[in-house]
Amino acid sequence: MMTKRFIVTGGAGFIGSALVRHLVRDLEATVLVVDKLTYAGVPESLKEVGLDPAADIQSEVAALDFTAPRRLFFLKADICDVERMSAAFAAFHPDAVFHLAAESHVDRSIDGPGEFIRTNVTGTANLLQAALGYWRTLSADAQEAFRFQHISTDEVYGTLGETGFFTEKTPYSPHSPYSASKAASDHLVRAWADTYGLPTLITNCSNNYGPYHFPEKLIPLIILNCLDGKPLPVYGKGANVRDWLYVDDHVAALCLVNEKGAPGETYNVGGHNERTNLEVVQTVCRILDELRPRPDGSKYESLIAFVADRPGHDLRYAIDPTKLMTELGWKPARTFDTGIRETVQWYLDNDWWWRPIHEQKYAGQRLGTIKRN
Ligand code: NAD
Ligand code: TYD
């Protein structure tokens, strides 16, 4: 990496925390996490890199001593708060920003789109303004080296039929409030690059999975329901297809794009691991049959329950990662088969992380079932 001081928004979330762990532990970078700690923010995900959630989280920029000999700082703040974002930029003096803070769950966006518009759209615009104000104070060399990297999703492209792949040139056609808000944020980032010259990068990634994944998303939800002996809710017929990428492979792509990507460009990230939802659920069941057999000898698959479909459910996502692979040399380290086994094992070994979430924040109830007329 050429740059060494990073602001990571959403650094207490699933992907953000994986990125922060990599930056701090493997790249020895200095990181300021900016995170509002919504229901999805779990600062315990940063314990591995020395964060003490009881002592290290500050709400005021002035309370953070950036001269202290440490590599991880944590500001509990809302990205919509331009003044605090501007103060954070001025005090921390980053070389780059990884912007991951977002409302990220499609089902919750169906139940309540307002927070998605506020954080994903207004929040991104406000963060861009704060970054631009800071960028304008930099020397010409530092301005050239600075990067505002926006982390987005393949869901902005809408849905595929049985064949084909999303490329960087696929027209935007989002369907859920979540994907529409992410599409809007992508357009804002491009507008700040084209209008003000801010050096931006955008990555659009497929579905991630791995350790520290909040158990509202399919894979951790299914693992925890299996362990609880609860029904495994499969929407519709389970025929919808997602393209699964292990979170650390996404993190490696993000760092590569940050270092080598051309400002103004977009890169799609995905590892050609398409599976139907039913296949994913059956795979988790089979791994658990092996690693944690049920006491009564029955198979976990017997818990599968087909439930009402998600409104506006996109049929299929699949990424063409050719640009990232050929221009920047990215290659994922894991296939779905290796990554999913490691993930299931991680949940078996780390109930200290998920049990409090499961008991205090979200116990697996169905979300996003609003009636359509
Ligand atoms: P997540 O829901 O696990 O984490 C989001 C984090 O953002 C949380 O820590 C939350 O507290 C924080 N946050 C939310 N609103 C905020 C606000 N107003 N101000 C500051 N912080 C706020 O999400 P994730 O799965 O880690 O996704 C991270 C990013 O990657 C998102 O932008 C998402 O759109 C994108 N993405 C996710 C996936 C995926 O499969 N999970 C795939 C592609 C892209
Ligand atoms: P999810 O993990 O919510 O990610 P996304 O909606 O962003 O792709 O869902 C992945 C797929 O799994 C999606 O097609 C919806 C489906 N799904 C279920 O079948 N059952 C569930 O309980 C959940 C949460 C999702």
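When only the heavy atoms of the protein chains count and the probe is 1.4 Å, how do His93, His105 rank by accessible area, highest first?
His93, His105
Treating each Cα of region 308-351 as an identical point scatterer and ignoring solvent, apply the Debye formula and state log10 I(q)/I(0) at q = 0.15, 0.27 Å⁻¹.
Values, matching the q order: -0.73, -0.90.
Heavy-atom accessible area of Asp56 with all protein chains present, probe 1.4 Å, nearest 10 Å²?
The accessible area of Asp56 comes to roughly 30 Å².
For region 1-110, what % of the accessible area comes from carbon and sulfur atoms, probe 1.4 Å?
Carbon and sulfur together cover 50 percent of it.
May I ask for the percentage of alpha-carbon pairs in region 103-209 that lie more than 25 Å from each other?
When every Cα pair of region 103-209 is considered, 27 percent fall beyond 25 Å.
How high is the FRET efficiency between Arg5 and Lys299 when r is their beta carbon distance and R₀ equals 51 Å, given to the nearest 0.05?
Given R0 = 51 Å and the Cβ-Cβ separation, E is 0.50.
Which residue, Leu127, Leu227, Leu324, has the most motion in a Gaussian network model of the chain that connects Cα atoms within less than 10 Å?
Answer for the Gaussian network model of the chain: Leu227.
Given the -39500 (n - 2.57) contribution per DSSP H run of 4+ residues, what per-residue ellipticity at 222 nm results for the chain, rounded to the nearest 500 deg cm²/dmol?
Helix contribution divided over all residues of the chain: -11000 deg cm²/dmol.
How long is region 1-93 along each principal axis, judged by its Cα atoms, biggest number first, in Å?
32, 31, 23
Tell me the angle of helix 218-228 to the major Cα principal axis of the chain, expressed in degrees between 0 and 90 and rounded to the nearest ten.
Roughly 50 degrees, rounded to the nearest 10.
Once you've got the GNM for the chain with C-alpha springs shorter than 10 Å, pick whichever of Ser86, Ser139, Ser185 has the biggest mean-square fluctuation.
Ser139
How high is the FRET efficiency from Thr335 to Ala62, r the C-beta distance, R0 56 Å, rounded to 0.05?
Result of the calculation: an efficiency of 0.75.
Could you tell me the ratio Rg/Rh of the chain? Both radii from Cα atoms, Rh via Kirkwood.
0.96
Find the accessible area per residue for region 229-361; the probe is 1.4 Å, ligands and nucleic acids are left out, and the unit is Å².
Here the residues of region 229-361 average 44 Å² of exposed surface.
Accessible area of Glu48, 1.4 Å probe, to the nearest 10 Å²?
100
Quick one: plug the Kirkwood hydrodynamic radius of region 10-153 (C-alpha pairs) into Stokes-Einstein at 20 °C, 1.002 mPa s, and report D in µm²/s.
Stokes-Einstein gives a translational diffusion coefficient of 137 µm²/s.
At q = 0.18, 0.25 Å⁻¹, work out log10 I(q)/I(0) for region 121-160 with the Debye formula, treating every Cα as an identical point scatterer and leaving solvent out; two decimals please.
Ignoring solvent entirely, the Cα scatterers give -0.63, -0.87.
Using all C-alpha to C-alpha distances in region 188-259, build P(r) with 5 Å bins and read off the rounded percent in each one.
3, 13, 16, 16, 15, 12, 10, 7, 5, 3, 1
Find the accessible area per residue for region 99-145; the probe is 1.4 Å, ligands and nucleic acids are left out, and the unit is Å².
With the other protein chains kept in place, region 99-145 gives 40 Å² per residue.
Which value in nm describes the separation of the simple spin-label points at Leu315 and Ser139, placed 7 Å from the Cα toward the beta carbon?
The answer from the label model is 5.6 nm.
Quick one: what Rg and Dmax do you get for region 299-373 from the alpha carbons, in Å?
18.3, 48
Between Leu328 and Arg355, what is the label-point separation in nm under the 7 Å Cα-to-beta-carbon projection?
3.9
Out of the chymotrypsin sites (Phe, Trp or Tyr not before Pro) in region 117-152, which ones are loop residues according to DSSP with at most 14 other C-beta atoms within 10 Å?
none
Can you work out the Karplus-derived ³J(HN,Hα) for every residue in region 77-89? Use 6.51 cos²θ - 1.76 cosθ + 1.60 with θ = phi - 60°, whole Hz, and x for glycine or proline.
Values, residue by residue: 7, 8, 5, 6, 7, 4, 4, 5, 5, 4, 5, 5, 4 Hz.
To the nearest 10 degrees, how steeply does helix 336-349 sit against the main Cα axis of the chain, on a 0 to 90 scale?
Helix 336-349 and the main axis of the chain meet at about 90 degrees.
Of Lys230/Lys299; Lys169/Lys323; Lys47/Lys230, which pairs sit farther than 19 Å apart, going by alpha carbon to alpha carbon?
Lys47/Lys230, as the Cα separations exceed 19 Å there.
What FRET efficiency do you get for Lys230 and His93 if R0 is 41 Å and r is their Cβ-Cβ distance, rounded to the nearest 0.05?
My answer for the efficiency is 0.25.
Kindly report the accessible area of region 1-93 per residue (heavy atoms of protein chains, probe 1.4 Å, no ligands, DNA or RNA), in Å².
Heavy-atom accessible area per residue stands at 40 Å².
Taking every pair of distinct Cα atoms and averaging 1/r, then inverting, what Kirkwood hydrodynamic radius in Å comes out for region 1-48?
So the Kirkwood estimate lands at 10.6 Å.
For helix 351-360, report the angle its Cα long axis makes with the longest principal axis of the Cα atoms of the chain; keep it between 0 and 90° and round to the nearest 10°.
Taking the Cα atoms of the chain, the angle to 351-360 is about 90 degrees.
One quarter of the convex hull surface, Cα atoms only: what value does that give for region 154-220 in nm²?
With the hull built on Cα positions only, its mean projection is 6.1 nm².
How many percent of the alpha carbon pairs in region 253-355 exceed a separation of 23 Å?
For region 253-355, the fraction of Cα-Cα distances above 23 Å is 50 percent.
The values are calculated or read from the model by the stated rules, or taken from the named source; none is laboratory data. Quick caveat, the model's predicted, so the values are computed rather than measured. Methodologically, a virtual Cβ is constructed for each residue, glycine included, from the backbone with ideal geometry; neighbour enumeration extends over all protein chains shown. To get the accessible areas, we keep the full protein, side chains included, count just its heavy atoms, and leave off ligands, DNA and RNA. Shrake-Rupley method; radii C 1.70, N 1.55, O 1.52, S 1.80 Å.
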